[in-house]
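Right, one structure below, let's go through it.
The values are calculated or read from the model by the stated rules, or taken from the named source; none is laboratory data. Here the structure is a predicted model, which is why all the values come from computation and not from measurement. So basically every Cβ, Gly included, is an ideal-geometry build from the backbone, and we count neighbours across all protein chains shown.
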Amino acid sequence: MIRRRNRILMTLDAVGGVWRYAMDLGAGLRREGMEIVFAGLGPAPSATQTSEATALGQLVWLDAPLDWMAASRAEISAAPAEISRIARDHGADLLHLNLPSQAAGIGTPLPVVVVSHSCVVTWFAAVRGTPAPPDWAWQSDANREGFDRADAVLAPSRSHADALEAAYGPLSRLKVVHNASRVGSDPRPKKIFVFAAGRWWDEGKNGAVLDRSAAVMPLPVVMVGSCSGPNGQRLQLDDADDRGPLPYSKTIALMRRAQIVVSPSIYEPFGLTVLEAARCGAALALSDIPTYRELWDGCALFFDPHDPKALAAACMRLSEDEQLRAELVVRSLERSRAFSLERHAAAVLETYARLMNDKFNLVAAEQS
């Protein structure tokens, strides 16, 4: 086992699900005696986010865009060196990079762990059924270089790991480590409404189909999350109850009250919202995509994500069939226990320990 009080430099952003991943994993690692330095890229965090991160470790914010927000590789070319500098200045023992491109060409003697939470290439394959546009080919190149530079590559599901290898070819250091959630179980009585949360400006979240389904079912449909993206993307909601972006605590509080939680995503490497919903005791209505079948088969009703009427029918069946709803809630709660924070932290720590031990042995061999 690695020694206590090792210091991890972990990159993150304040825009998407990587923030929640980093906060939950950071909490688990801290309980195991690790120190965390968070290095953020992209749009600055809110005051609430800053407080959450600094309660777990140090937070440094770089003046650098995320790769999927950049227009060219030149815009992200300085990020690896900046990350390496921050790691050196803060005495880090290992780099945990939550975008593969951040590892491309990085100059550091430290072990490098890369996690692919999503990427443009696999997004286009799933959402559009096409390769990424030629003017985005640099992102594929940067990701591949990052995978090759990393000492370990983690994916949050087998489905996403398979998609990565279909897009980039074999990745010899690839390992599946499922995500986790700190949300506790909640058996309180539910209210009759359908709940969904996501960054709805992202076409892969498929919010338009959910909005259309709200027009054909009598159940209230509450959607939480931003409909305006950082690069000008926008989704207009006409029939659902649009609550806009809410703080994480308020989002979870609303989720805990919902009888049904739906995820209509076309592209989802893991789907943390679904795990949180299972912990909250909601019945799950999920798009029939490989990730959700892998993680939640037998615990949810599935629907064609391109068919608003099929989505509405799944929600209505859950609302009307009390026995089915109760059975699926029990099954999903039991399944959710496999995605515990302790198990996630242990799997990540195992990867850290192996790499840091390999590094120690290499240095010892070079000095002998």
Report task. Considering every residue within the range 136-150, establish whether at least one is closer than 19 Å to S101 by Cβ, modelled with pLDDT of 95 or more and outside any helix (DSSP H, G or I). Result -> yes
Requested in this report: Filter the range 32-48 down to residues that are out of contact with any Lys or Arg (no Cβ under 9 Å at 6 or more places or on another chain) and closer than 15 Å to M10 by Cβ and give me whichever is surrounded by the most Cβ atoms within 10 Å (Cβ to Cβ).
Outcome: A39
Query raised in the report: Are any residues in the range 4-46 among the basic types (K, R), closer than 18 Å to D89 by Cα and at pLDDT below 95, and if so, which ones?
Result: R5
Query - Residue in the range 6-23 that is farther than 26 Å from P269 by Cα and either touching a residue at least 24 places away in the same chain (Cβ under 8 Å) or not acidic (D, E) (or both) present - result: yes
**Report entry** Conditions (1) at pLDDT 95 or above; (2) loosely packed, with under 15 Cβ neighbours inside 10 Å; (3) at negative phi: number failed by M316
**Finding:** (2)
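Can you name the residue in the range 47-75 that is of a type in the set (S, T, Y) and at pLDDT below 95 and, of all such residues, is nearest to A142 (Cα to Cα)?
Going residue by residue through the range 47-75, those that are of a type in the set (S, T, Y) are 48, 50-51, 54, 72.
Subsequent filtering for residues that are at pLDDT below 95 retains 48, 72.
Numbers: T48: 32, S72: 11 Å.
The residue in question is S72.
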Query raised in the report: Are there any pairs with C-beta distances below 9 angstrom linking a residue in the range 307-319 that is closer than 13 Å to L284 by Cβ to a residue that is hydroxyl-bearing (S, T, Y), with the two at least 6 apart or on different chains, and if so which?
Result: L311/S213; L311/S287; C315/S213
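For residues that are among the basic types (K, R) and farther than 22 Å from P187 by Cα, scanning just the range 276-309, find the one that is farthest from the chain's Cα centre (by Cα).
Looking at the filtered set, the residue picked out is K309.
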Query - Tally, over the range 234-250, of residues that are free of Cβ contacts under 8 Å to residues at least 40 places away in the same chain, under 20 Å from the mean Cα position of the chain (by Cα) and part of a loop (DSSP other than H, G, I, E, B) - result: 2
Report task. State which residue is farthest from the chain's Cα centre (by Cα) when the search covers only the range 151-162 and only residues that are part of a helix (DSSP H, G or I) and not basic (K, R). Result -> D162
Requested in this report: Tell me which of these E334 doesn't satisfy, since it passes every other one: (1) assigned by TED's automatic domain parsing to the domain that holds A150; (2) surrounded by fewer than 15 Cβ atoms within 10 Å (Cβ to Cβ).
Outcome: (1)
Requested in this report: Please specify each residue of the range 163-208 satisfying the condition of being free of Cβ contacts under 8 Å to residues at least 60 places away in the same chain and part of a strand (DSSP E or B).
Outcome: L174, V176
Query raised in the report: Hey, any hits in the range 96-111 for a residue that's outside any strand (DSSP E or B), under 20 Å from W19 (Cα atoms) and out of contact with any Gly (no Cβ under 8 Å at 6 or more places or on another chain)?
Result: yes
Report task. Being touching a Leu at 6+ places or on another chain (Cβ under 8 Å), part of a loop (DSSP other than H, G, I, E, B) and closer than 23 Å to G184 by Cα is the filter here, so list the residues in the range 6-33 that pass it. Result -> E32
Query - Set A22, A70: member being of a type outside the set (V, I, T), in contact with a strand residue (DSSP E or B) (Cβ under 9 Å, 6 or more places away or on another chain) and closer than 24 Å to G225 by Cβ - result: A22
Query raised in the report: For the range 183-242, which residues satisfy the criterion of being in contact with a strand residue (DSSP E or B) (Cβ under 9 Å, 6 or more places away or on another chain), of a type in the set (D, E) and crowded, with 18+ Cβ neighbours inside 10 Å?
Result: D211, D242
Query raised in the report: Quick one: what pairs do we get from the range 83-96, first residue in the same structural domain as E35 (by TED's automatic domain parsing) and under 13 Å from A353 (Cα atoms), second surrounded by 14 or more Cβ atoms within 10 Å (Cβ to Cβ) and among the small types (G, A, S), C-beta under 7 Å, 6+ apart or different chains?
Result: L95/A87
Requested in this report: Check whether at least one residue in the range 70-93 is in a helix (DSSP H, G or I), touching a Lys or Arg at 6+ places or on another chain (Cβ under 7 Å) and surrounded by 15 or more Cβ atoms within 10 Å (Cβ to Cβ), and report yes or no.
Outcome: no
Query - Number of positions in the range 289-313 that are out of contact with any Lys or Arg (no Cβ under 7 Å at 6 or more places or on another chain), part of a helix (DSSP H, G or I) and surrounded by 22 or more Cβ atoms within 10 Å (Cβ to Cβ) - result: 5
